[in-house]
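Trainee: Next up is a structure, given as structure tokens.
The values are calculated or read from the model by the stated rules, or taken from the named source; none is laboratory data. Only a predicted model underlies this, so the values are computations on that prediction, with no experimental measurement involved. Backbone-built Cβ (ideal geometry, glycine too); neighbour counts: all protein chains shown. Surface accessibility is based on the protein's heavy atoms, side chains included, excluding ligands, DNA and RNA. Shrake-Rupley method; radii C 1.70, N 1.55, O 1.52, S 1.80 Å.
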Amino acid sequence: MSLRVDHAVTSGTFSLDGQTFDVDNNVWVVGDDAECVVIDAPHSVDDILAVVGDRKVKAIICTHAHDDHVRVAPALREATVAPILLHPDDRVLWELTHTDYLWDVDLTDDQTITVAGEEIRVLHTPGHAPGAVCLHVPALGCVFTGDTLFQGGPGATGRSYSSFDTIIDSIRSTLLTLPSDTTVRTGHGDSTSIGAEAPHLEEWIAKGS
Ligand SMILES: [Zn+2]
């Protein structure tokens, strides 16, 4: 199997509810030498294309529509002719950033996307955002969690369109059912694993939000 994950970190900002923060975002590219998919499109088309190289991009998959994850999705689409995929429940967030262009294809729970002959399974995991998804790649033993699960706990739910109870339900009923040795590749910061995070669920609930 020649499927692999390539990675970059891009720097920029995240804005919501009238506040702006400096953020570093992970860009993940999953594929082989011939084709790939891009997971999230923050800040810089050039930084993403440097990871893609000369491969064909089959899809630009957005884990959710916060502006630090979709800012350059339309520009990347222009550069690669690849469709933008987003869960439609994030339309309200998408339209905060992009008013002149919608995404191309709706993501649905349990949908399968094929790249380099292997499957990427879409898991709808609302909470951080209503249309947040995680992307499980069984062949790689990893899941791309966007801002739903980080090393050390769930993604933020303090701002508009987020729900702490919903993200906890998503993590419990969906992510924690994956094999414990599944690597968790996140939207920001370091990777972790399902097994490393699962024992802390009750602590997170006790802390609440
Ligand atoms: Zn986010």
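Here is a yes/no grid of residues against (1) acidic (Asp, Glu); (2) within 20 Å of PRO42 (Cβ to Cβ); (3) modelled with pLDDT of 95 or more; (4) under 14 Å from the mean Cα position of the chain (by Cα):
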position: ALA139; (1), (2), (3), (4): no, no, yes, no
position: GLY158; (1), (2), (3), (4): no, no, no, no
position: THR174; (1), (2), (3), (4): no, no, yes, no
position: SER191; (1), (2), (3), (4): no, yes, yes, yes
position: PRO199; (1), (2), (3), (4): no, no, yes, no
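Trainee: Restricting to the range 168-205, give me the number of residues that are within 16 Å of the ligand (Cβ to nearest atom) and assigned to a strand (DSSP E or B).
Mentor: The number of residues fulfilling the criteria is 3.
Trainee: So, THR145, is that one modelled with pLDDT of 95 or more, under 23 Å from LEU85 (Cβ atoms) and either charged (D, E, K, R) or under 16 Å from the mean Cα position of the chain (by Cα) (or both) or not? Spell out the reasoning first.
Mentor: Working: modelled with pLDDT of 95 or more: yes; under 23 Å from LEU85 (Cβ atoms): yes; either charged (D, E, K, R) or under 16 Å from the mean Cα position of the chain (by Cα) (or both): yes.
Spelling it out, THR145 is indeed modelled with pLDDT of 95 or more, under 23 Å from LEU85 (Cβ atoms) and either charged (D, E, K, R) or under 16 Å from the mean Cα position of the chain (by Cα) (or both).
Trainee: Does the range 15-28 hold any residues that are of a type outside the set (D, E, K, R), open to solvent by 20 Å² or more (accessible area, probe 1.4 Å) and not in a loop (DSSP other than H, G, I, E, B), and which are they? It would help to see each step written out before you state the result.
Mentor: As a first pass, look at the range 15-28 and keep what is of a type outside the set (D, E, K, R): 15-16, 18-21, 23, 25-28.
Adding the requirement that they be open to solvent by 20 Å² or more (accessible area, probe 1.4 Å) leaves 15, 18-21, 23.
Once the filter is applied, which keeps residues that are of a type outside the set (D, E, K, R), open to solvent by 20 Å² or more (accessible area, probe 1.4 Å) and not in a loop (DSSP other than H, G, I, E, B), the range 15-28 yields SER15, GLN19, THR20, PHE21, VAL23.
Trainee: I've got another one for you. Under 9 Å between Cβ atoms, at least 6 apart or on separate chains: pull out the pairs that start in the range 6-26 with a residue that is closer than 22 Å to PHE144 by Cβ and end on any residue that is among the basic types (Lys, Arg) and assigned to a strand (DSSP E or B).
Mentor: Qualifying pairs under 9 Å: HIS7/ARG185; ASN26/ARG185.
Trainee: Find the residue count for the range 126-148, including only residues that are open to solvent by less than 10 Å² (accessible area, probe 1.4 Å), more than 12 Å from the ligand (Cβ to nearest atom) and either acidic (Asp, Glu) or without any contact (Cβ under 8 Å) to a residue 60 or more places away in the chain (or both).
Mentor: 1
Trainee: Please tell me if PHE164 is of a type in the set (A, V, I, L, M, F, W, C), within 15 Å of the ligand (Cβ to nearest atom), open to solvent by 20 Å² or more (accessible area, probe 1.4 Å) and more than 16 Å from THR186 (Cα to Cα). Give the steps one after another, and end with the answer.
Mentor: Details: of a type in the set (A, V, I, L, M, F, W, C): yes; within 15 Å of the ligand (Cβ to nearest atom): yes; open to solvent by 20 Å² or more (accessible area, probe 1.4 Å): yes; more than 16 Å from THR186 (Cα to Cα): yes.
Yes.
Trainee: Counting only residues that are surrounded by 14 or more Cβ atoms within 10 Å (Cβ to Cβ) and touching a residue at least 24 places away in the same chain (Cβ under 8 Å), which one in the range 190-199 is nearest to TRP28 (Cα to Cα)?
Mentor: SER191
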